[in-house]
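The values are calculated or read from the model by the stated rules, or taken from the named source; none is laboratory data. Quick caveat, the model's predicted, so the values are computed rather than measured. With ideal geometry, Cβ positions are generated from the backbone for all residues, glycine too; neighbour counts draw on all protein chains shown.
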Amino acid sequence: MFCDIDGTLWKHPGLACNQAKTDNCILLKNTEKAICHWERLGYHIILTTGRKESLRSITEQQLQKQGIVYDQLIMGLGGGDRILINDRKEDDVRNTAYAVNVTRDAGIQHYDFSSKLVTIPDQPHCAEEIIDYNNQYIIKKITKSSQSVTEQRRKTIYVTSGQITIMENRSNTTLHTGDFVTLEARTAHRILCTEDGSYLEILSI
């Protein structure tokens, strides 16, 4: 498990001079749950960061203070893109490597990678299962939803069973099994599952 630190585990402190302050670390949502979950499953946790090597000692102190356990700490990765390359067996369709991009300071949402398919535990207003994701799209199966969201990406909704209602710009659209609709990026909307409704959500990246 390779995981970034600033903006992923705790609120991004900004420049290096702020990164060096021990009292400048505010844990983000689900950080503690994610770390404890990975540790309990015996994952090898490798923390990665663009912080300078000169900040290693202070970073280790900050991690210890926040109760974040890990196996290795890789410093000085810089601010460029990070690319994960791994092989997949020829006779297996299962991916052996994943890349999850989270919005800075929004906290970790998808942290349970213990099942064959990446699963997001049930939440009060939403039950999701990630079917697949790569550098082009994300496919999620949703069986319960009543959340108001504004996606930053274009997405298509395909109803697999029952009925759902999409509320958008003060108008309601009802979809049944086999119906689909595409919502453009930055469109505020709310989706309600009714009559045991479930749907696939395909988000372009």
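How about the stretch 39-48: which of its residues are surrounded by 13 or more Cβ atoms within 10 Å (Cβ to Cβ) and modelled with pLDDT of 95 or more?
45, 46, 47, 48
Residues of the stretch 153-173 that are out of contact with any strand residue (DSSP E or B) (no Cβ under 9 Å at 6 or more places or on another chain) and assigned to a loop (DSSP other than H, G, I, E, B): 170 alone.
Based on this model, can you work out whether residue 83 counts as outside any helix (DSSP H, G or I) and either touching an Asp or Glu at 6+ places or on another chain (Cβ under 8 Å) or exposed (fewer than 13 other Cβ atoms within 10 Å of the Cβ) (or both)? Against the criterion (outside any helix (DSSP H, G or I) and either touching an Asp or Glu at 6+ places or on another chain (Cβ under 8 Å) or exposed (fewer than 13 other Cβ atoms within 10 Å of the Cβ) (or both)), residue 83 qualifies.
From the residues in the stretch 174-186 that are assigned to a strand (DSSP E or B) and either surrounded by fewer than 14 Cβ atoms within 10 Å (Cβ to Cβ) or in contact (Cβ under 8 Å) with a residue 60 or more places away in the chain (or both), which one is nearest to the chain's Cα centre (by Cα)?
Going through the qualifying residues, I end up with 182.
In the stretch 14-23 there is no residue matching the filter, namely being closer than 24 Å to residue 139 by Cβ and surrounded by 12 or more Cβ atoms within 10 Å (Cβ to Cβ). Applying the set (1) farther than 17 Å from residue 103 by Cα; (2) outside any loop (DSSP other than H, G, I, E, B) to residue 21 leaves exactly one unmet item: (2).
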